[in-house]
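Undergrad: Below are the structure tokens for one structure; questions will follow.
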Amino acid sequence: MTDVFIDMDSTLNDFAKGYLNYYNKMYNANIKLRKKDLFRYEISKCIPGLEDDEAEKRRNIIFSTPGYWTDLPIYPNAAKVVEWIYQNFNTYILTAPWVDYRDCVPEKYDWIKNHLPFFNLQKVIFCHDKHIIHDQGILIDDNVKHINMFQGKTVRYAYPYNAQAMSTHSADNWNQVLSIMKKMKRELDKNGRFTRR
């Protein structure tokens with residue numbers, strides 16, 4: 001069975017919305033960003049009027065706030081699509097924890113239990129260097145580096161900051177992810193393998 005690796009932050013969850021919820025409460029602000037405003041991978045550096053060093057300081061505080069990683073909202077339809085993928089592929093969650101906050105990993109586990117209760121937690125991989133996964137399967141991710149280095153098929157969860165990624169497929173939402181995954185499943189069922197990239 002083909003392996004599928006699914007990223008969490010900004011792929012399964014609406015990381016920007018979750019970050020801004022915390023940012024606006026903690027800094028008495030009313031920042032609103034649309035998807036088209038996310039021109040940098042670091043959400044903290046997309047906030048207008050902040051120098052990078054101040055953005056990083058505030059990011060570090062927010063990322064280390066208890067409950068932050070559990071509170072991130074899941075994207076619409078992500079749970080039902082992941083469940084379909086989970087039933088049809090050998091599925092893993094592949095995510096990088098925030099190492100400066102020791103409870104990030106347990107909070108990510110709690111997030112999965114809350115939003116994807118069917119998912120076997122033994123199939124969660126915590127890893128910053130995702131390039132070590134030299135699989136011929138499928139990666140669903142938003143990070144340009146991870147997409148470009150993956151050896152198999154890729155589904156880019158699309159943002160302005162990753163428009164230049166060398167992905168096999170691109171999706172703006174989880175309904176589009178489902179369509180792509182069903183097409184790849186049909187190809188595998190018919191040919192037993194993917195056609196060349």
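Undergrad: Could you tell me which numbered condition LEU33 fails, if it satisfies all but one of (1) out of contact with any Asp or Glu (no Cβ under 6 Å at 6 or more places or on another chain); (2) in contact (Cβ under 8 Å) with a residue 24 or more places away in the chain; (3) under 30 Å from THR168 (Cβ atoms)?
TA: Answer for LEU33: the failing condition is (2).
Undergrad: Oh, and also: Consider LYS108 carefully, then state whether it is closer than 24 Å to ILE43 by Cα and under 17 Å from the mean Cα position of the chain (by Cα).
TA: Spelling it out, LYS108 is indeed closer than 24 Å to ILE43 by Cα and under 17 Å from the mean Cα position of the chain (by Cα).
Undergrad: Next question. Restricting to region 27-54, name every residue that is within 18 Å of GLN164 (Cβ to Cβ) and open to solvent by less than 80 Å² (accessible area, probe 1.4 Å).
TA: Residues satisfying the conditions are LYS35, ASP37, LEU38, GLU42, LYS45, CYS46.
Undergrad: Here are some conditions: (1) in contact with an Asp or Glu (Cβ under 9 Å, 6 or more places away or on another chain); (2) of a type in the set (Phe, Trp, Tyr); (3) free of Cβ contacts under 8 Å to residues at least 60 places away in the same chain. TYR75 meets all but one. Which one does it not meet?
TA: Unmet for TYR75, out of (1) in contact with an Asp or Glu (Cβ under 9 Å, 6 or more places away or on another chain); (2) of a type in the set (Phe, Trp, Tyr); (3) free of Cβ contacts under 8 Å to residues at least 60 places away in the same chain: (3).
Undergrad: While we're here: So, in region 66-106, exactly how many residues are aliphatic (A, V, I, L, M), at pLDDT below 95 and surrounded by fewer than 17 Cβ atoms within 10 Å (Cβ to Cβ)?
TA: The qualifying residues number 1.
Undergrad: Applying the selection to region 2-26, what residues are of a type in the set (Val, Ile, Thr) and open to solvent by 20 Å² or more (accessible area, probe 1.4 Å)?
TA: Once the filter is applied, which keeps residues that are of a type in the set (Val, Ile, Thr) and open to solvent by 20 Å² or more (accessible area, probe 1.4 Å), region 2-26 yields only THR2.
Undergrad: Kindly establish whether LYS57 is free of Cβ contacts under 8 Å to residues at least 24 places away in the same chain and either surrounded by 14 or more Cβ atoms within 10 Å (Cβ to Cβ) or closer than 23 Å to VAL177 by Cβ (or both).
TA: Judged against the criteria, LYS57 is not a match.
Yes/no matrix, rows are residues, columns are (1) in contact with a strand residue (DSSP E or B) (Cβ under 6 Å, 6 or more places away or on another chain); (2) over 22 Å from TYR109 (Cβ atoms):
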| site | (1), (2) |
| --- | --- |
| TYR23 | no, yes |
| LEU38 | no, yes |
| LYS45 | no, yes |
| LEU50 | no, yes |
| GLU54 | no, yes |
| ILE61 | no, yes |
| TYR75 | no, no |
| LYS80 | no, no |
| ILE85 | yes, no |
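The values are calculated or read from the model by the stated rules, or taken from the named source; none is laboratory data. Predicted, not measured: the structure shown is a model, and the values here were computed from it. For neighbour counting, all protein chains shown are included, and Cβ atoms are generated from backbone atoms with ideal geometry for every residue, glycine included. Surface areas here come from the heavy atoms of the whole protein model, side chains and all, with no ligands, DNA or RNA. Shrake-Rupley method; radii C 1.70, N 1.55, O 1.52, S 1.80 Å.
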